[in-house]
Amino acid sequence: GAVVSQHPSWVICKSGTSVKIECRSLDFQATTMFWYRQFPKQSLMLMATSNEGSKATYEQGVEKDKFLINHASLTLSTLTVTSAHPEDSSFYICSAVGNTKDTQYFGPGTRLTVL
Amino acid sequence: GNSVTQMEGPVTLSEEAFLTINCTYTATGYPSLFWYVQYPGEGLQLLLKATKADDKGSNKGFEATYRKETTSFHLEKGSVQVSDSAVYFCALRGNTPLVFGKGTRLSVIA
């Protein structure tokens with residue numbers, strides 16, 4: 001099946017710094033990518049939806065200036081957590097769909113720890 | 001809005017036991033229903049899906065039937081293996097991106 005990769009798989013940073021997470025579709029063109037956040041023992045919460053070449057659509061309660069999403073190509077989307085704080089520590093997961101839009105493929109996730 | 005409720009875990013079973021993980025949903029219209037599995041250290045993988053009422057999704061010995069009358073999509077497997085230990089997520093998709101349940105952790109012991 002289709003493969004979605006994320007980099008890095010884990011990152012530890014100091015409070016106040018910014019962290020960029022990459023999401024790539026390796027063998028298909030992702031017309032739409034989604035970013036989720038998963039807290040321990042909780043479900044995946046959708047943060048935003050991005051379509052290639054256009055601005056991301058953020059879910060209610062998600063700060064767009066804090067979580068910058070760029071979807072510059074059909075195989076790459078990035079999530080930048082700006083001025084990270086300990087409460088931003090979480091597991092971030094990206095997902096992508098191709099042209100047929102029938103199946104969402106998920107990346108392995110990135111664990112962010114903010115000290 | 002759309003929502004998914006699944007039984008809370010953790011669920012611990014002996015090898016070869018029967019598995020049921022309950023999932024019910026609330027949605028407008030006719031959503032597609034999914035079960036995803038997350039093995040330790042890996043990303044979510046689609047396990048099975050059903051796109052309309054009375055459809056049965058199946059894969060790797062797991063089955064789930066789309067029951068519109070009870071708004072349910074329970075996951076079953078007749079004989080679990082240690083390798084089935086993972087977190088299982090029920091999800092639906094209407095005219096929005098996937099909406100997930102909270103996940104159920106399954107541990108199978110030999």
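The values are calculated or read from the model by the stated rules, or taken from the named source; none is laboratory data. Please read all numbers here as calculations on a predicted model, not as lab measurements. Cβ sites come from the backbone with ideal geometry, for glycine too, and all protein chains shown count toward neighbours.
Structure above, values below:
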read-out	value
Filtered residues of region A:15-32 (kept if modelled with pLDDT of 90 or more, among the β-branched types (Val, Ile, Thr) and assigned to a loop (DSSP other than H, G, I, E, B))	A:17
Residue check, residue B:96 within 14 Å of another protein chain (Cβ to nearest Cβ) and under 14 Å from residue B:44 (Cα atoms)	no
Total residues in region A:73-109, condition among the hydroxyl-bearing types (Ser, Thr, Tyr) and under 19 Å from residue A:16 (Cβ atoms)	6
Any hit, region A:94-111, residues being more than 14 Å from every other protein chain (Cβ to nearest Cβ) and among the acidic types (Asp, Glu)	no
Looking only at region A:86-115, and only at residues there that are of a type in the set (Val, Ile, Thr) and assigned to a strand (DSSP E or B), the one that is surrounded by the most Cβ atoms within 10 Å (Cβ to Cβ)	A:93
Number of the condition not met by residue A:80 [criteria: (1) part of a loop (DSSP other than H, G, I, E, B); (2) away from chain B (no Cβ under 14 Å)]	(1)
Condition met for residue B:76 (surrounded by fewer than 18 Cβ atoms within 10 Å (Cβ to Cβ) and part of a strand (DSSP E or B))	yes
Filter result (loosely packed, with under 14 Cβ neighbours inside 10 Å and either in contact (Cβ under 8 Å) with a residue 60 or more places away in the chain or hydrophobic (A, V, I, L, M, F, W, C) (or both)) within region A:18-57	A:18, A:26, A:29, A:39
Checking residue A:73 against (1) out of contact with any helix residue (DSSP H, G or I) (no Cβ under 9 Å at 6 or more places or on another chain); (2) buried (at least 17 other Cβ atoms within 10 Å of the Cβ), the condition it does not meet	(2)
